[in-house]
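Structure first, commentary second.
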Amino acid sequence: MEGSLGQKHEHHEFTLVSISKLPSSTSTSSSSTSSTPVVARFGGESGAAELRFRQEADSDDLAFDLRTSQIFRLGSVQSVCISKDDVTKEKSHSRGVTIQFRNEEESSAFHSAFDKRKEDDIVQGTHLPNGTISSLKSKFDDKIESSSAKMYFHYYGQLLHQQNMLQDYVRTGTYYAAVMENRADFTGRVVVDVGAGSGILSLFAAQAGAKHVYAVEASEMAEYARVLIAGNPALSQRITVIKGKVEDVELPEKADILISEPMGTLLVNERMLESYVIARDRFLHQNGKMFPTIGRIHMAPFSDEYLFVEVANKALFWQQQNYYGVDLTALYGSAFQGYFSQPVVDAFDSRLLVAPSISHVLDFTNIKEEELYDIDIPLKFVATVGARVHGLACWFDVLFNGSTVQRWLTTAPGAPTTHWYQLRCILSQPLYVMAGQEITGRLHMVAHSAQSYTIHLTLSAKMWGPGAEQGGILQSSSCKLDLKEPYYRMSQPQANPVVQDQQQHQLIPTQDLPNQPKDLEDADLMLHASPNSGALLNSLI
């Protein structure tokens, strides 16, 4: 924009080879293609933010409102322009055209003009024809702080991190098997890949016979995805990479199936599940399929003296009374609690669990986005061994509910390790339990704007033995953790059960509760093999 607000733009014109109308999301008619040169003109009445296509002098213009339009490259001389138009106050549909340019230079110039005009008229707040000022801030931007989003998209825009995920052969192999074993769900269907990354899932869908795949990716990885897909010419003609957020982009048609890898640590970290649900509501046909279909968070109390001592001893640095002449002890308590506010991400032996796991189900096909803002899970377990309970262990699995084969991807302890590992929330005040004693509590996860969750965990041991029927609470311990800031321990599970009654914790101040039962002092706290998590998983399916 040149000059003050409200000043009219110059009318820029481009001569195109041809345009081809795409069928709208509310139309079943086939697309039509112009056979004569077309003039594209930025401008419109009263300097409105508008793009018009005219094939002949006496023909009607095809107009696109730049406020609701987006343009994507399909190739060096081919692009697609998509616009969302209001049909009623409750409903809207998308329409679009494929644009063929005379050469790559004119294609680049057209894209530059499109972006510049859209930026000037909309982002900077030009007076629009109806007299309002629009910033078009997306739903994603409303709930996620910009610094977090910038780091997030920068991270996933790097090939080394994509390689890390691709080399998780449990993850990648399970996705490949789920798609190929359910070819009937993909053959001849329109697919949307939500958060496509390198484009690997889009290529899988195309291999399975998808009619067309729209690979939506917001980070700079979209450019790498275009290169990778172009390097597979047998599949590339059926895949369109669209750079943008699923909350913002427009597609020319509805999808028959969504595919995505939206899972983070503890399933919900990074809050991409919300984008997956938004994509469902925006793009998926009413009876369309979602790969994955459901997710489950599994939880069980655990006992791990080695881990507890390791975390607690990190704060010993702050017990120094003469650190270059400075007494650090005033910060010891804060440092101690700080280390226990970090969830531990690693792989552990399932025999450290002191009770069978329970699960919380998230059905991606019908859950509301808002339900992911606040997840409250009641906890109830019965201990199978006597032990010191150091916290809650968590993992997840997801189901690909195909028409032919139902396949699970699990991150359970004892199963092949994935890049997600497992997660453990450690209590700074452990609980003492005996076999048969009931453990209750609550896992409450509240989403925050840094694309993660604050975790509030409470575990309580109920009375056991004589008088237990009265239901009193014997011990209780709570902690607050930030899922955004985990301790990546990444250790592999030990081969054998570990002795829980170790003396190494003498290095740290005693964290035992004052109401420790007397008869636990001489109890044998060596854990015996509890039910294998794999068997538990099979029993839940």
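The values are calculated or read from the model by the stated rules, or taken from the named source; none is laboratory data. All of these numbers come straight from a predicted model, not from anything done at the bench. Here Cβ is always computed from backbone atoms with ideal geometry, including for glycine, and neighbour counts include all displayed protein chains. For the accessible areas, the whole protein counts, side chains as well, though only heavy atoms, and no ligand, DNA or RNA atoms are used. Shrake-Rupley method; radii C 1.70, N 1.55, O 1.52, S 1.80 Å.
Test Gly467 against the stated conditions and say whether it is modelled with pLDDT of 60 or more, small (Gly, Ala, Ser) and either loosely packed, with under 15 Cβ neighbours inside 10 Å or outside the structural domain of Ala355 (by the TED database) (or both).
no
Results for (1) among the aliphatic types (A, V, I, L, M); (2) in the same structural domain as Trp408 (by the TED database), shown as yes or no for each residue.
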{"position": "Met272", "(1), (2)": "yes, no"}
{"position": "Ile278", "(1), (2)": "yes, no"}
{"position": "Asp281", "(1), (2)": "no, no"}
{"position": "Met299", "(1), (2)": "yes, yes"}
{"position": "Phe302", "(1), (2)": "no, yes"}
{"position": "Tyr306", "(1), (2)": "no, yes"}
{"position": "Tyr323", "(1), (2)": "no, yes"}
{"position": "Val345", "(1), (2)": "yes, yes"}
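In segment 270-289, which residue that is at pLDDT 95 or above and part of a strand (DSSP E or B) is surrounded by the most Cβ atoms within 10 Å (Cβ to Cβ)?
Of everything passing the filter in segment 270-289, Lys289 is surrounded by the most Cβ atoms within 10 Å (Cβ to Cβ).
Six or more apart or on different chains, Cβ under 8 Å: which pairs go from a residue in segment 86-104 that's within 15 Å of Ser69 (Cα to Cα) and open to solvent by less than 20 Å² (accessible area, probe 1.4 Å) to one that's outside any strand (DSSP E or B) and at pLDDT 85 or above? Could you list them?
If the second residue must be outside any strand (DSSP E or B) and at pLDDT 85 or above, the pairs left are Ser94/Glu250; Ser94/Leu251; Ser94/Pro252; Ser94/Glu253; Gly96/Glu250; Gly96/Pro252; Ile99/Phe110.
Asp397: of a type in the set (D, E, K, R), within 17 Å of Arg442 (Cβ to Cβ) and within 30 Å of the chain's Cα centre (by Cα), yes or no?
Details: of a type in the set (D, E, K, R): yes; within 17 Å of Arg442 (Cβ to Cβ): no; within 30 Å of the chain's Cα centre (by Cα): yes.
For Asp397, the condition - of a type in the set (D, E, K, R), within 17 Å of Arg442 (Cβ to Cβ) and within 30 Å of the chain's Cα centre (by Cα) - is not met.
Identify, please: which residue in segment 276-319 is basic (Lys, Arg) and under 27 Å from the mean Cα position of the chain (by Cα) and is, among those, nearest to Ser359 (Cα to Cα)? Outline the logic, then answer.
So in segment 276-319, the residues basic (Lys, Arg) come out as 280, 282, 289, 296, 314.
Going one step further and asking which of them are under 27 Å from the mean Cα position of the chain (by Cα), we end up with 280, 282, 289, 296.
Values: Arg280: 24, Arg282: 29, Lys289: 23, Arg296: 6 Å.
The qualifying residue nearest to Ser359 (Cα to Cα) is Arg296.
Filter the strands (runs of 3 or more DSSP E) completely within segment 205-269 down to those with at least 1 residues that are open to solvent by 10 Å² or more (accessible area, probe 1.4 Å) and of a type in the set (A, V, I, L, M). Outline the logic, then answer.
Working: elements: 212-217, 239-243, 255-260.
Because the criterion is at least 1 residues that are open to solvent by 10 Å² or more (accessible area, probe 1.4 Å) and of a type in the set (A, V, I, L, M), the strands (runs of 3 or more DSSP E) in segment 205-269 that meet it are 239-243.
Given the structure, is Gly391 open to solvent by less than 20 Å² (accessible area, probe 1.4 Å) and on the phi > 0 side of the Ramachandran plot? Talk me through it step by step, then tell me what you get.
On the way: open to solvent by less than 20 Å² (accessible area, probe 1.4 Å): yes; on the phi > 0 side of the Ramachandran plot: yes.
So Gly391 passes the test.
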